[in-house]
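Participant: What follows is a single structure, and I will ask about it in a moment.
No lab work stands behind these numbers, since they all come straight from the coordinates. Everything quoted here is computed from the prediction, not taken from an experiment. Don't worry about glycine lacking a Cβ; one is built from the backbone with ideal geometry, like all the others, and counts go over all protein chains shown.
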Amino acid sequence: MHTILGASGQIGQELARALHRDFNVPVRVVSRKPQRVNDSDELLAADLLDAEQTLHAVAGSDVVYLTVGLPMNTQMWIDQWPVMMRNVIDACAQHQAKLVFFDNTYMYPQTSEVQTETCRFQPHGLKGHVRGEIANWLLQAMEAGKVNALICRAPEFYGPGLTQSITNSTVIEPLKAGKKARLFLRDDTLRTLIYTPDASRAMALLGNTPEAFRQTWHLPCDDNRVTYREFVQLAAKALGAKPDYVVVKKWQLVLAGMFNQRICDAVELLPRYAVDNYFNSDKFKAAFPEFKVTPLAQGLEEIASSR
């Protein structure tokens, strides 16, 4: 049994499809209000903030995927992520289930240096601190032999359906609606973006590769990096929209954050948009040379056709 914790988001849904399609394994989807992705999915409602419910959700699993996505709410991250990670580690340890953790890069330095799996943790802001803390807990549990796990890490993502990301909300969705895209700080810095179906396919592959465990992996991205200005042009072409955008300055975001908590909670991520982003996924590509990464233009075309 392969169990997806936090299966209601786009990453979890795409993962359920990939596990069923590519590996034909039984899939259990777990969330507070689970919904079937494949006809054969087992549904289980659970709150991962509750240790007993987490134990029940993990019971009988061979591999567990932690794909929970919380809203851009700093206090919620501080309050909930440590509890969920402790509960999941303990449950996997008790049931001897392997754990695959879908992680982000918030704990990395927000600079233009190349990011590899050995990149140091140097978080900027409270959300980055929390992500670094829970990743370190899992690394320590792995080193101690408490749990057999792997960490798969993704940069900024974009994708179809329920994809929740800054790129979707500030570029793709406004262009779809005939509005101007909004870019943070600059339009000329290079970005590394991952397509959500690629992230989930790669995670499914790692979870079904025994030798991939006890390691950290950067999930595969299109190495043809573009600036957000170029991304707007590609997205507009795919969506049949005008490539119009505005660059939102830091002072404007800080001011808006005084009146909007969601914007306030996103301000700590701003430094990453002021510099080029070089997220390196060479390790994965060398280990799995047959894996096909979706080019940006193709991904945007698929998003447009999925409307």
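Participant: Based on the mean of other Cβ atoms within 10 Å per residue, sort peptides 56-65, 123-132 so the most packed one is first. Kindly include the intermediate steps, with their values, before the conclusion.
Facilitator: Numbers: 56-65: 21.6, 123-132: 19.4.
Packing order, densest peptide first, comes out as 56-65, 123-132.
Participant: So, one more: Find how much the distance from Asn73 to Leu190 grows on full extension, using 0.36 nm per residue of separation minus their present alpha carbon separation; answer in nm with one decimal. Don't skip to the answer; put the middle values down first.
Facilitator: Numbers: separation 117, 0.36 × 117 = 42.12 nm, distance 2.66 nm.
Extra length from Asn73 to Leu190 when fully extended: 39.5 nm.
Participant: So what are the ³J(HN,Hα) numbers for the range 43-48, from phi and the Karplus equation (6.51, -1.76, 1.60; θ = phi - 60°), rounded to whole Hz, Gly and Pro as x?
Facilitator: These are the phi-based 3J(HN,Hα) values: 9, 8, 8, 7, 10, 6 Hz.
Participant: Another question, then. Looking at the square roots a ≥ b ≥ c of the eigenvalues of the Cα gyration tensor of the range 53-119, which shape do they give, rounded for a/c under 1.5, prolate if a/b is larger than b/c, or oblate? Working shown, then result.
Facilitator: Working: a/c = 3.08, a/b = 1.61, b/c = 1.91.
Because a/c hits 1.5 or more and a/b fails to exceed b/c, the range 53-119 counts as oblate.
Participant: List every residue whose amide H lies under 5 Å from the amide H of Ala181, counting only residues 5 or more places away in sequence or on a different chain, with H placed 1.01 Å from N in the peptide plane.
Facilitator: Asp244, Tyr245, Val246
Participant: With only Lys, Arg, Asp and Glu charged, each at its Cβ (+1 for the first two, -1 for the last two), find how big the charge dipole of the range 173-259 is about the Cα centre; round to the nearest 20 debye. Mind showing how you got there, number by number?
Facilitator: Details: 14 positive and 9 negative charges, 90 e Å.
So the dipole magnitude of the range 173-259 works out to roughly 440 debye.
Participant: Assign one of three labels to the range 1-146, namely rounded, prolate or oblate, based on the Cα gyration tensor with a ≥ b ≥ c the square roots of its eigenvalues; rounded applies when a/c is under 1.5, prolate when it is not and a/b is larger than b/c, and oblate otherwise.
Facilitator: Details: a/c = 1.67, a/b = 1.56, b/c = 1.07.
Because a/c hits 1.5 or more and a/b exceeds b/c, the range 1-146 counts as prolate.
Participant: If you don't mind, there's one more thing I want to ask. Simple spin-label model, 7 Å along Cα-to-Cβ: Leu162 to His56 in nm?
Facilitator: Here the modelled spin labels are 2.1 nm apart.
Participant: Right, something else. Output ³J(HN,Hα) for the range 114-127: one whole-Hz value per residue in order, computed from phi by the Karplus curve 6.51 cos²θ - 1.76 cosθ + 1.60 with θ = phi - 60°, and x for Gly and Pro.
Facilitator: Karplus-based 3J(HN,Hα) across the range 114-127 equals 5, 9, 10, 5, 9, 4, 5, 8, 8, x, 10, x, 5, 5 Hz.
Participant: May I pose another question? Return the long-range amide H neighbours of Tyr278 (sequence gap of 5 or more, or a different chain), with a cut-off of under 5 Å between placed amide H atoms.
Facilitator: Gln115
Participant: Moving to a separate point now. Residue-wise, which Karplus ³J(HN,Hα) couplings in Hz belong to the range 58-68, taking 6.51 cos²θ - 1.76 cosθ + 1.60, θ = phi - 60°, and x for glycine or proline?
Facilitator: 8, 3, x, 8, 8, 10, 10, 10, 9, 10, 4
Participant: Would you mind checking Lys179/Lys249; Lys180/Lys250; Lys146/Lys292; Lys33/Lys176; Lys98/Lys127 for any pair whose Cα atoms are more than 22 angstrom apart? Don't jump to the answer; show the numbers that get you there.
Facilitator: On the way: Lys179/Lys249 18 Å; Lys180/Lys250 18 Å; Lys146/Lys292 34 Å; Lys33/Lys176 29 Å; Lys98/Lys127 26 Å.
Pairs exceeding the cut-off: Lys146/Lys292; Lys33/Lys176; Lys98/Lys127.
Participant: Give the label of the value calculated from the structure for Cα Rg over 2.2 N^0.38 Å, choosing from (1) 0.97; (2) 1.27; (3) 1.10.
Facilitator: Only one listed value fits the structure, namely (1).
Participant: Here's another thing I want to ask about it. Test of understanding: what is the full-extension gain from Glu42 to Arg120, defined as 0.36 nm times their sequence separation minus their Cα-Cα distance?
Facilitator: Numbers: separation 78, 0.36 × 78 = 28.08 nm, distance 3.87 nm.
Result for the pair: 24.2 nm of gain on full extension.
Participant: Separate question: Of the candidates Trp251, Trp77, Trp137, which one comes out as most mobile in a Gaussian network treatment of the chain with C-alpha springs shorter than 10 Å?
Facilitator: Sorting by GNM fluctuation, first place goes to Trp251.
Participant: So what is the calculated 222 nm ellipticity per residue for the chain, using -39500 (n - 2.57) for each DSSP H run with n of 4 or more, over all residues, to the nearest 500 deg cm²/dmol? Write down the numbers at each step before the final one.
Facilitator: Working: 11 runs with 115 residues, N = 307.
When only DSSP H runs of four or more count, the value is -11000 deg cm²/dmol.
Participant: Please list the non-local residues whose amide H lies under 5 Å from the amide H of Arg153, H modeled 1.01 Å from N, same-chain partners needing a gap of 5 or more.
Facilitator: Asp103, Trp217, His218, Leu219
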